[in-house]
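Here's the structure we're looking at; comments come further down.
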Amino acid sequence: MDLSELASLRSAPVAPAAHVIDGERRFASDTATLEVISPIDGQVLTTMPRGTADDAKAAISAARRAFDDGRWSDLAPAARKAVLLRWADLIEANALEIAVLGVRNNGTEIGMALKAEPLSAAATIRYYAEAADKVLGEIAPTSPATLALVHREPAGVVGAIVPWNFPLMIGAWKLGPALAAGCTVVLKPAETASLTLLRIAELALEAGLPAGVLNVVTGEGSVVGATIAESHDVDVLVFTGSGATGRQLLEASARSNLKRVYLELGGKSPNIVFADAPDLDEAAKVSAHGIFRNSGQVCIAGSRILVERSIHDAFVDKLAAVASAMTVGDPLDPSTGAGAINSLRQLEQNLRFVEEARQAGRRIVTGGKRILEDTGGYYMAPTIVADVHPDDRLAREEVFGPVLAILPFDSEDEAVAIANDTDYGLASAVWTSNLSRAHRMIRRIKAGIVHVNTYGGADLTVPLGGVKQSGNGHDKSLHAFDKYFDLKTAWIKL
Ligand code: NAD
């Protein structure tokens, strides 16, 4: 991609953002705003509406009306497909502008942001658009006296609440299948990453998405998100974020209309390196990338590396070499390896984990501190902590930052025991050239994905979801469609 416009885009003024409700831009009902702070320099980038409960209710009503009158749900799936494909084209045509806006908002390095944000969102929307007219109903194998049909009907109004690390990628994982299925949506972006989701909602209108089908309301989770979660007019709630919020959403569903709630939560994913890994240099390079890309602000980050004791010290040295060679800094410089931490609060939380490990006598192999403070931005050196114990907080709780915990093991059984000794079960990896061991580990590790001799990179064709406290339900792949359809049986006596 031609990056020549980067320099002008990075300093372009950003107009005050507005909700997108019922096909129009709207400010908060009480006109209150939130400052949008850029993690690049800690400066105010623009403002956005501090949404009220009334704003969320207006968006939900718009989505309800749009669903009930059939302006979207009753369109032929091929017609919905045409609109969604136009939308994907518009996102792609504006990819650089959108990516730069997103980076100024959330700090992800531009190389990754381009690929993982607008381009990934466009690809996801296309994938589900193309599938829209290929979802078939069923005829059940009944006796000849009956005809039984199983219809798949769009589930209704979807509430989608998403986090700040990859707002467009994760947003599109919800919006693509929900809209292709014929649902209408009220989306609540994270406080520190709302601008690009608002921008693509405007592009959706330009592509011909009818008013009210996609509404985006910004503001605080405890106000806007909670109103969506408590609403009797929302039929399905899809969420990516922390377990603490996930719990509140389940409670809100129980208190209100028992809406279905699908949760994609955090992880403390084990990346297990056996001495017989095919290439330890490659394993170190990919594993370091598996934790330090987007400064560790990745739900599937391989944040615990379990290393077989016979290669432990040599492997830690290799990891440290990769980590210390990473360029951390200005996320709008295409040569940057890792950009900024999303917020000062997140940076301080990352540093607290390191400080606690230091005080417990764990070995800080590299990093461990804030850097580039003079820029005003929020940057942290890639950090490796060795000699971590399985019951340390660093081995059990998600940091969601560039902090890697290393634990040694002596046998396959011990590796499995340490790997599964966690409340989470999102991602994992095994590095080995022993095919039987790889298959044994795939069976024994409790996680939504087991990588073998790689980390990350699983494409749209496969589901992403967790077990245990990493969540339920799946994003990506055709399985993601299930969340947005209701099954209806017609039992016809002949
Ligand atoms: P968070 O739970 O604090 O916030 C996520 C979203 O929920 C935000 O939009 C927020 O405004 C909203 N929210 C907060 N309180 C709410 C409430 N009471 N009611 C309704 N909505 C509320 O999480 P975060 O800090 O933004 O994101 C980081 C977390 O997301 C990490 O735990 C990470 O692992 C997880 N994550 C998971 C995946 C996955 O696919 N499993 C992907 C990315 C991030």
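The values are calculated or read from the model by the stated rules, or taken from the named source; none is laboratory data. Since we're looking at a predicted model, the values are computed, not measured. Positions of Cβ are generated from backbone atoms using ideal geometry, with glycine treated the same way; all protein chains shown enter the neighbour counts. Keep in mind that these areas ignore ligands, DNA and RNA; they rest on the heavy atoms of the full protein, side chains included. Shrake-Rupley method; radii C 1.70, N 1.55, O 1.52, S 1.80 Å.
Across the chain, the longest piece that holds none of the GluC sites (Glu not before Pro) lying in DSSP loops with up to 15 other C-beta atoms within 10 Å covers 6-219.
In order along region 308-317, the phi-based Karplus estimate (6.51 cos²θ - 1.76 cosθ + 1.60, θ = phi - 60°) of 3J(HN,Hα) comes to 4, 4, 4, 10, 3, 5, 5, 5, 4, 4 Hz; Gly and Pro are listed as x.
The simple Förster model, with R0 at 22 Å and r as the Cβ-Cβ distance, assigns Glu206 and Ser4 a FRET efficiency of 0.35.
Residues whose amide H comes within less than 5 Å of that of Leu187, counting only those at least five positions distant or on another chain, are Ala160, Asn215, Val216, Val217 (H built at 1.01 Å from N in the peptide plane). Sorting Ser470, Ser120, Ser436 by solvent-accessible area of protein heavy atoms yields Ser436, Ser120, Ser470, largest first, with a 1.4 Å probe.
Per residue, how many Å² of accessible area does region 236-355 show with a 1.4 Å probe?
Numbers: 4330 Å² over 120 residues.
Heavy-atom SASA per residue in region 236-355 reads 36 Å².
Taking amide H atoms as placed 1.01 Å from N in the peptide plane, the amide H of Ser428 lies under 5 Å from those of Ile449, His451, each 5 or more residues away in sequence or on another chain.
For a 31 Å ceiling on Cα separation, which of these pairs sit above it: Lys174/Lys268; Lys188/Lys318; Lys174/Lys468; Lys369/Lys476? It would help to have the intermediate numbers written out before the result.
Details: Lys174/Lys268 23 Å; Lys188/Lys318 41 Å; Lys174/Lys468 21 Å; Lys369/Lys476 36 Å.
Cα-Cα > 31 Å for Lys188/Lys318; Lys369/Lys476; rest within.
How much of the accessible area of the chain, probe 1.4 Å, is carbon plus sulfur, in whole percent?
Working: 10270 of 19290 Å².
Roughly 53 percent of what the probe reaches on the chain is carbon or sulfur.
Sequentially through region 275-287, phi angles give Karplus couplings (6.51, -1.76, 1.60; θ = phi - 60°) of 4, 8, 4, x, 8, 5, 5, 5, 4, 5, 5, 5, 5 Hz, Gly and Pro residues having no value and appearing as x.
A cut-off of 5 Å between modelled amide H atoms, ignoring neighbours fewer than 5 places along the same chain, links Asp486 with Glu153, Ala155. Residue ranking by accessible heavy-atom surface, 1.4 Å probe, largest first, among Cys183, Cys299 comes out as Cys299, Cys183.
Computed on the chain, with alpha-carbon pairs under 8 angstrom and 6+ residues apart, the relative contact order is 18 percent. The chymotrypsin sites (Phe, Trp or Tyr not before Pro) of region 151-247 include none that meets both conditions, a loop assignment by DSSP and at most 12 other Cβ atoms within 10 Å of the site Cβ. Karplus-based coupling profile of region 322-337, in residue order and whole Hz: 5, 5, 6, 7, 6, 8, 10, x, 2, x, 8, 8, x, 8, 6, x, with θ = phi - 60° in 6.51 cos²θ - 1.76 cosθ + 1.60 and x standing for Gly or Pro. Sorting Lys318, Lys259 by solvent-accessible area of protein heavy atoms yields Lys318, Lys259, largest first, with a 1.4 Å probe.
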